[in-house]
Amino acid sequence: MNYSKAQLLETANKASKNTLMETLEIEMIDYGQDFLVAKMPVTPRVHQPDGVLHGGATAALAESVGSFASHIFLDADKLMIRGLEITANHLKSVSSGFIYAKATFIHKGRTTQLLDIRVTDEQDNLISVCKLSTISLPKKK
C-alpha cells in the first residue's frame, strides 16, 4: 500500500465502522515497517462480572490488530486473508484505562503467517501474550 502513516491509520479505522471493532472502541494508532499497534478502552462494557477486563475482549483486540497487520503487510488486493487460530495467555488483570496491542510477524509465508501480539496497559505492564495464525489465498477472479 502506498499510504502515509496517517492515511493508512485513517483507512483502517474507517474500515471498522459498524463492526465489532467499533463496538469495542478499538482504534489503530501506530504502525511501522514491521508492526501495527491498536488500543482499546477498558470500561464496564468489556468487563467480566467481577469488574476486570474480559479475556474475550482482549482476544478480540489481538485478533483485530493481527488481522489488520496481515492486510497491511501482505497484498490484500490480490489475497483473501483470514484468521486461522488465536491463542491468548492472560497474565495480569486490568479494570480501567486503556490496553494496547502490538502485532509483529514471527513468520510471513506465502500461505500462512504467524503473528505475536503483546497486550500491555498504560504503564507498559504485560497483560496478555497472544499468537494469531492467518492464511492468505489468491482471490478468485
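Computed from the coordinates by the stated procedures, all read-outs in this text should not be read as laboratory data. Everything numeric in this text was worked out from a predicted model, so none of it was measured. Positions of Cβ are backbone-derived with ideal geometry, glycine not excepted, and every protein chain shown enters the neighbour counts.
Results, tabulated for the structure shown:
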| read-out | value |
| --- | --- |
| Pairs beyond 25 Å (Cα-Cα), from Lys17/Lys39; Lys102/Lys139; Lys102/Lys140; Lys39/Lys92 | Lys102/Lys139; Lys102/Lys140 |
| Candidates Ile29, Ile117, Ile99: whichever shows maximal mean-square fluctuation once the chain is modelled as a Gaussian network with Cα springs under 10 Å | Ile29 |
| Set of aspartates and glutamates near Lys131 by C-alpha distance (under 19 Å), chain-local residues within fewer than 8 positions excluded | Asp34, Glu63, Glu85, Asp116, Asp121 |
| Amide H contacts of Ile127 (H built 1.01 Å from N, under 5 Å, at least 5 apart or other chain) | Val119, Thr120, Asp121 |
| FRET efficiency, 1/(1 + (r/R0)^6) with R0 30 Å, evaluated for Leu20 and Asp77 via beta carbons | 0.80 |
| FRET efficiency for Leu91 and Asn2, using Cβ-Cβ distance with R0 set to 35 Å, rounded to 0.05 | 0.40 |
| Dipole magnitude (debye, nearest 20) for the range 1-98, charges at Cβ of Lys, Arg, Asp, Glu | 100 |
| Which of Gly97, Leu61, Met40, positive extreme of dipole for the range 29-102 (C-beta unit charges) | Gly97 |
| Amide H contacts under 5 Å for Ile99, placed H, 5+ residues apart | Met40, Val42 |
| Lys, Arg +1 and Asp, Glu -1 on Cβ, resulting dipole of the range 74-114 about Cα centre, debye, nearest 20 | 80 |
| Karplus 3J(HN,Hα) series, Hz, for the range 102-115 with 6.51 cos²θ - 1.76 cosθ + 1.60 (x for Gly, Pro) | 10, 9, 9, 7, 8, 9, 10, x, 5, 10, 10, 9, 10, 10 |
| If the convex hull is drawn through the Cα atoms of the range 1-139, its volume per residue in Å³ | 104 |
